[in-house]
Amino acid sequence: MAVGPSSRRQPNEEASTALGLTLLIALAFVVFSWAAAGFSSPYNLYALTRTAALNVLLGLAMMVVIATGGLDLSIGAIGIASAMFAGYLMQDFRLHMMIAIVAALCFGGALGFCNGFVVVFARVHSFIVTLASMSIIFGAMIVLTKAESVRDLPPAFLALGKIRWFGYLSPMLMVSVAIGALIAIMLRWTDLGREILASGANSRAATLSGVRVGNRIITVHALSGILAAIAGIMLSIRNGAMVPSMAGNLGQEWLLPAFLAPVLGGTLLSGGRAWVVTTVLAAFLVTELTNGMLLMSIGEFWVQFALGSVLLLAVLLEKGRSTLMGTVEGV
């Protein structure tokens, strides 16, 4: 599903990217089923789908910001802070589970809105703003919570983490895929989506066309915050508790999968193009690679090394492809 700027070759590019990712997912499954004991067991497949659900949301959260040419390094901090907020509403104020979750999504959206507001009105690149907010949000959360976990949660909330479909499928993955479908529809068939992509493709031309580029930048940061909050809630459901460090220090453990999914999925770092289907496929591939290597007893640091190398290679290949296409078109 192409959702970038109009181009005759884009549908073919996305289709070929989707096909390539699908083949890689199938190849990785075959290799790990043979080389990693227990990889294809129902329990591990269930674990794969739960982790993939989280990685899909992280990839989408980063993708919508990259679509405007920005970055969001605060995804992890926002997601965990939002989950902790929901946990305290359920534990200390005894609010209903759904009310607490909705409040957490609003909280995540508000934090994302603040990021976008500062980016637009201070005219500072989102890399700097979200790097600063990552530290501010995480630090404030640790101070306010005294780094204590939230574990006194409603039984209904804890039961969500035990649901299995067909013995190996987590419904959380279906939720993430459904959210991806909604984002794809927004980007392709709504004025808001087209304006977001236009803002990333050429902000000056978009402004001359009547697009409020600043508003669209704020919108994607708020949306990213909401998606990060959903990811935080999902991780809490999986863990059965809200733990301040469950996404690593400052939420940094989420950054690599958040970048890998959209970059491998063909989202342009310069903005203007975002492919939802391929981002979802890339997120699943990253999950599969991580899980398979860990089951093969490859050290976690080597896994991080491998994923980082894949990210760098993907960026370099995209840069080379863009340069080559520009040269060909200029001939």
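Show me the chymotrypsin sites (Phe, Trp or Tyr not before Pro) within segment 1-110 that DSSP assigns to loop and that have at most 13 other Cβ atoms within 10 Å of their Cβ. Spell out each step's value before the answer.
Details: sites: 29, 32, 34, 39, 43, 46, 85, 88, 93, 107; in loops: 39, 93.
Filter output for segment 1-110: 93.
Can you give the helix-only mean residue ellipticity at 222 nm for the chain, where every DSSP H stretch with n ≥ 4 adds -39500 (n - 2.57) and the sum goes over all residues, rounded to the nearest 500 deg cm²/dmol?
On the way: 13 runs with 244 residues, N = 331.
So the calculated ellipticity at 222 nm is -25000 deg cm²/dmol.
Suppose we take every Cα in the chain and form the convex hull; what volume per residue is that in Å³?
Values: hull volume 45.9 nm³, N = 331.
Cα convex hull per residue, to the nearest whole number: 139 Å³.
Can you sort 211, 119 from fewest to most other Cβ atoms within 10 Å of each residue's own Cβ? Before the final figure, lay out the partial values.
On the way: 211 18, 119 24.
If I rank by nearby Cβ atoms, fewest first, I get 211, 119.
Compute a Gaussian network model of the chain, connecting alpha carbons closer than 10 Å, and tell me which residue from 244, 154, 171 fluctuates the most.
Between 244, 154, 171, it is 154 that shows the largest mean-square fluctuation.
None of the figures in this text is laboratory data; all of them are computed from the coordinates on show. What you see is a predicted model, and the numbers here were worked out from it, not measured in a lab. Every residue, glycine among them, receives a Cβ derived from its backbone with ideal geometry; neighbour counts consider all protein chains shown.
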